[in-house]
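Dropping the structure in here first, questions after.
Read the figures in this text as sums done on the coordinates, not as results from a lab. As the structure is a prediction and not an experimental result, all values here were calculated from the model. Virtual Cβ from ideal backbone geometry, glycine too; neighbours counted across all protein chains shown.
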Amino acid sequence: MDAPVHTPGTAAAVHHRRTPGALRVLSWHLAAYRRLWKVNVLASFGQPLLYLLGLGVGVGALVDKNTGSSEVLGSSSYVAFVVPGLLVTTAMALAAGESMWPVMGGLKWHRGYHGIAATPLEARDIVLGHGAWMAVRCGLATGAVAVVLAVFPDTRSWGLAPSVLVSMLVGVSFAMPIMAFSVGSEYDGAFAGIQRFVIIPLFLFGGAFYPLSQLPAAVQWVAKVAPLWHGVVVARGFTSGNVDWTGVAGHLSFVALWAVAGTAITIRRLRGKLYP
Amino acid sequence: MAEPLIVARQLVKRFGEFTAVDGIDVEVQPGEAFGFLGPNGAGKSSTMRMIGCVSPVTSGTLRLFGMDPATHGSQIRARIGVVPQLDTLDVEMSVQENLWIYGRFFDLPRAEAKRRAAELLEFAQLTDRAGSVVENLSGGMKRRLSIARSLINNPELLLLDEPTTGLDPQARHVLWDRLYRLKQQGVTLVLTTHYMDEAEQLCDRLVVMDQGRIVAEGSPRDLIERYSTREVLELRFSAGTNSDSITGVHGIGDRQELLPDRVLVYAHDGEAALAEAHARGLQPESALVRRASLEDVFLLLTGRSLAD
Amino acid sequence: MSTNFLRIVPTAYATDSFRVRRPQRMIERHLVAYRRQWLIVVSGFFEPLFYLLSMRAGLGDLVGSVSVGGKAVPYDAFVAPALMASSAMNGAIFDSTGNVLHRLKYARIYDAALATPMGPADVALGEIGWALIRGQLYACSFLGVMAALGLVQSWWSLLALPACALIGLAFASVGFAGTTFMRSWSDMDIVTTAMMPLFLFSATFFPTSSYGSWAWVVQISPLYHGVALVRSANAGVWTTSILAHIAVLVGLSAVALFVAARRLDSLLRK
Ligand SMILES: Nc1ncnc2c1ncn2[C@@H]1O[C@H](COP(=O)(O)OP(=O)(O)OP(=O)(O)O)[C@@H](O)[C@H]1O
Ligand SMILES: [Mg+2]
């Protein structure tokens, strides 16, 4: 066997290129995704549409028939009410799932993060790269849903475009704290617990399917601590056309706070894991 | 002589078009230690799996304890212990649970299974790790646990597919000693290995397989006498010149063999062969004369010999 | 115990492959293994519960009541039996797909079992039995919650338990059979994708009358037949269509069990 061609001393020249680390990590994710995207797109894009058809249209028919419901909802139809909720919850579920097992995989199973850490890139790049990747994934998934929604007159609205951006932000605001948790855990056992006791309850009680005011005050408070409801309210403002800009600023700052805090904690933890 | 414990006649295993085992005849007597040697892909594990009654025979006959695996697989498996090439331990469970739960698969009463488990922990020197989850054991510890587990049902026949791969030298010697003791208690051992010293140590009789066929059979000493000379001269030449040097040694000793990293010369008197090589002006980087071993037989039978 | 009833496939080899000896040992193994993960088992109960509470609190007022067979039923009473049936499906599917794939391909637990006197039929029945036991645990607790919320209408409701067992059997068998065809983890996405429409369109959240002339499509969903059974039990209303629903689920189980046993044998005994 011949030895591979090797030219010692050329590494320094490469070092002069200055692509930001997070973008290099992002392209690593994109390369891996190229093999998976077909099934993935189908799942992350088909599911919200099925929910829309099942809950939005199906249950919506029952709700719209019931007199008095439209006052509670404050929107023309139940479908119009549910649409922004579905976009934002889709981003939440996607980002949460992608920030658990794949993150543990990068650290423990296929150890891709260790591979990256052996290059000039470091923990901060991995974390910011993951955040950017989550924004892209959520943008793709909710963007595709939004395109389909724009086809139907009942759900068509200019508000869909900013709602996709809000969904991306909410996705990141879930991805980063959950990534911090994943980086800190030794086993994947707790992930099912997060799904069942955080993500699903937020999906159900986070204001996506009915106004939070329907729920007991204590539950409302819990739901308001998480970023989901804030994102839903903002997105609903955009799709219904009643935008209250100070509200938007307040809600989005709160969402961004989660993302920033999660990022900071993850970077610290990942550093400890990669370079003990 | 007693009824053989394993009888295989013209045993064939095919995977689709591919023939992994190509008509082998094997007999193993009770109490014997029998080995399968052969290069990767020779068909050793395929044969072991048929003997273990987890892989249906494609054609030919196979009898264990006088029974047919196709109709009495379960009864046969109740009397044998299996160490597969790749561990099939239950990684979610503790060391101890692995042992007794496996015993329950043999229908041992629970108390009996737990008692056996404690004994076998001792045997495998894993008593202090009894409560550890298997996932966290080292590779060698897992291997020891696999071997211990195969003994839970007090088997009459033990099938060991590369039992010591991954064990440290210390653990290997301990295992050889344990296997030797089991053999003295009358347990029949059938094993495969890539370690020639292991085969020489443990096996009364062995077969060398290549491409699904048996190419030689006998005791380790027999095979060395039959297929090798008394001594072997190993010559190493500088990188990349081995293949040129083989012509230089042509005619020295009984036979010459080219390996990727050295040239072997088989001769009754290795020193004399070396002297001749020097006399011819060959300048190996290093030279070594040693006694012939099973490894030489193995290389001869399964490698590609260039000389002669 | 050496029953031959599963020996349904005439194979030239390994005539003992389909003999059932002690599937209960597989269940025993799971009981020990899950001692460390009981939280996962317990948490499975909460998902349908959260759905029920959310529908009751949030959508109950908005929807008001649903008319079923001319009778007006409060929305939570309408949804609860359907959620019970769906959770029987979910539990059975998750136990018989992801977990089975893991044990089959990655943990190689079945390979270990088959080196002993156990056979493929023991493994298949043990797994399906385990899925059923777990499903019944959830069904019992869910029925308890329904009773506590005042959603149980009569003693007939107890018959929802065997109905859930039948749903569990059907979906565990289908899940198991399907898993034997999977190549890797990414195939699990197909399962989640397939279950979603079943969950949403089996007259779970709105009655078949909402589909108008498309109502027959719902009949394709096996879960719909399960939902219908549990709903009948809960309402204590029995019609002859019950027999058809039972027949569909039994037939599905039989076919899937056949495929599962046959595939498992050829997968494990190569
Ligand atoms: N399930 C299978 N399907 C198809 N081919 C198989 C299967 N199992 C084994 N083979 C093939 O049969 C041949 C013999 O394999 P086997 O595992 O018996 O070799 P072996 O002698 O044990 O080798 P090793 O020393 O590497 O363990 C190989 O070419 C292998 O690829
Ligand atoms: Mg092998």
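Using 1/(1 + (r/R0)^6) with R0 = 25 angstrom and r between the beta carbons of A:Lys108 and A:Ala256, what's the FRET efficiency to the nearest 0.05?
Computed FRET efficiency for A:Lys108 and A:Ala256: 0.25.
Same structure, new question: Could you please tell me the mean projected area of the C-alpha convex hull for the range B:229-292, averaged over all directions and given in square nanometres to one decimal?
Reported value for the Cα convex hull: 3.5 nm².
Report the net charge of residues surrounding B:Ser94, where surrounding means a beta-carbon distance below 11 angstrom and charges are Lys +1, Arg +1, Asp -1, Glu -1.
Residues close to B:Ser94 contribute a combined charge of -1.
Separate question: How long, wide and thick is the range C:74-225, going by the Cα atoms along their three principal axes, in whole angstroms, largest first?
Extents along the principal axes, in whole Å: 55, 35, 19.
Another question, then. Counting only trypsin sites (Lys or Arg not before Pro) that are in a DSSP loop and have at most 15 other C-beta atoms within 10 Å, tell me the longest site-free stretch of chain A.
Here the longest run is A:157-276.
Taking the Cα atoms only, what angle lies between the long axis of helix C:222-235 and the longest principal axis of chain C, rounded to 10 degrees?
Compared with the principal axis, the helix lies near 50 degrees.
If you take the alpha carbon radius of gyration of chain C and divide it by 2.2 N^0.38 Å, what ratio comes out, to two decimals?
Numbers: Rg = 19.4 Å, N = 270, 2.2 N^0.38 = 18.5 Å.
For chain C, the normalised Cα radius of gyration comes out at 1.05.
For the pair C:Gln153/A:Tyr275, report the inter-label distance in nm, with labels modelled 7 Å from Cα in the Cβ direction.
Each label point lies 7 Å from its Cα, and together they span 6.8 nm.
Just the Cα atoms of the protein assembly as shown: what Rg and Dmax do they give in Å?
33.4, 111
Now for a separate question. Just tell me how shielded A:212-222 is by partners: mean number of partner chain Cβ atoms within 10 Å of each residue's Cβ, no decimals. Show your work: numbers first, answer last.
Details: counts 1, 1, 7, 4, 1, 0, 0, 4, 0, 0, 0.
For this peptide, the per-residue mean of nearby foreign Cβ atoms is 2.
Let me ask something additional. Given the alpha-carbon gyration tensor of chain B, what are the semi-axes of its equivalent ellipsoid in whole angstrom, ordered largest first, with each equal to the square root of 5 times an eigenvalue?
Ellipsoid half-lengths, sorted descending, are 41, 23, 16 Å.
When a/c reaches 1.5 or more, the comparison of a/b and b/c decides; with that in mind, is the range A:190-272 rounded, prolate or oblate per its Cα gyration tensor? Intermediate results must be reported in sequence, preceding the final value.
Values: a/c = 2.51, a/b = 1.32, b/c = 1.89.
Verdict is oblate for the range A:190-272.
Within the range A:117-193, which chymotrypsin sites (Phe, Trp or Tyr not before Pro) sit in a loop by DSSP and count at most 16 neighbouring Cβ atoms inside 10 Å?
Passing both the DSSP loop test and the Cβ count: A:Trp158, A:Tyr187.
Right, here's the next one. What nm value, rounded to one decimal, do you get for the distance between B:Asn40 and C:Ser213 when each label is placed 7 Å out toward the C-beta?
6.6
Something else now. Return the FRET efficiency for the residue pair A:Thr19, B:Leu86: r is the Cβ-Cβ distance, R0 is 30 Å, and the value is rounded to the nearest 0.05. Before the final figure, lay out the partial values.
Working: r = 42 Å, r/R0 = 1.41.
Once rounded, the FRET efficiency stands at 0.10.
How many partner chain Cβ atoms sit within 10 Å of a residue's Cβ in peptide A:55-61, on average, as a whole number? Intermediate values should be presented prior to the final figure.
Working: counts 4, 0, 2, 9, 12, 4, 5.
Counting Cβ atoms of other protein chains within 10 Å of each residue's Cβ and averaging gives 5.
What number comes out for the charge environment of B:Ala171, summing +1 per Lys or Arg and -1 per Asp or Glu over other residues with Cβ under 11 Å away?
+2
Which net charge results for the neighbourhood of C:Gly178, defined as the other residues with beta-carbon distances under 10 angstrom from its beta-carbon, given Lys and Arg at +1 and Asp and Glu at -1?
With Lys, Arg at +1 and Asp, Glu at -1, the neighbours total 0.
Between B:Ser286 and B:Arg226, how high is the FRET efficiency from 1/(1 + (r/R0)^6) when r is the Cβ-Cβ distance and R₀ = 41 Å? Nearest 0.05.
According to the calculation, E is roughly 0.90.
Please compute P(r) over all alpha-carbon pairs of the range A:134-276, binned at 10 Å starting from zero, and give each bin as a whole-number percent.
Percent of Cα pairs in each bin: 11, 35, 36, 15, 4, 0.
To check my understanding: the extent here is largest minus smallest coordinate of the Cα atoms along each principal axis. What are those three numbers for the range C:29-153, in Å, largest first?
Extents along the principal axes, in whole Å: 58, 30, 22.
Moving to a separate point now. Nearest 5 percent is fine: what portion of the DSSP beta bridges confined to the protein assembly as shown is antiparallel?
70
A follow-up question, please. Hey, what's the Cα Rg ratio for the range A:19-274 versus the globular rule of thumb, 2.2 N^0.38 Å? Let's see the in-between values first.
Working: Rg = 18.6 Å, N = 256, 2.2 N^0.38 = 18.1 Å.
Against the compact-globule rule of thumb, the ratio is 1.03.
Can I ask one more? For the range A:202-259, what relative contact order do you get, as a whole percent, if you take Cα pairs closer than 8 Å and at least 6 residues apart? All intermediate terms of the calculation are to be shown ahead of the outcome.
Working: 36 pairs, mean separation 17.9, N = 58.
Value for the range A:202-259: 31 percent.
Same structure, new question: Going by a ≥ b ≥ c, the root eigenvalues of the Cα gyration tensor, does the range B:1-118 fall in the rounded group (a/c under 1.5), the prolate group (a/b larger than b/c) or the oblate group?
prolate
Further question on the same structure: Only Cα pairs under 8 Å and at least 6 apart count here; give the relative contact order of the range C:23-268 as a rounded whole percent.
27
If you count, for every residue in C:32-39, the Cβ atoms of partner chains within 10 Å of its Cβ, what is the mean?
If you average over the peptide's residues, the count of other-chain Cβ atoms is 4.
Please work out the ratio of the alpha-carbon Rg of the range B:110-244 to 2.2 N^0.38 Å and round it to two decimals.
Details: Rg = 19.1 Å, N = 135, 2.2 N^0.38 = 14.2 Å.
Ratio of Cα Rg to 2.2 N^0.38 Å: 1.35.
For helix C:24-33, what angle does its Cα long axis make with the longest principal axis of chain C, in degrees from 0 to 90 and rounded to 10?
Its long axis makes an angle of about 70 degrees.
How far, in degrees from 0 to 90, does helix A:37-51 lean away from the longest principal axis of the Cα atoms of chain A, to the nearest 10?
Once rounded, the angle reads 20 degrees.
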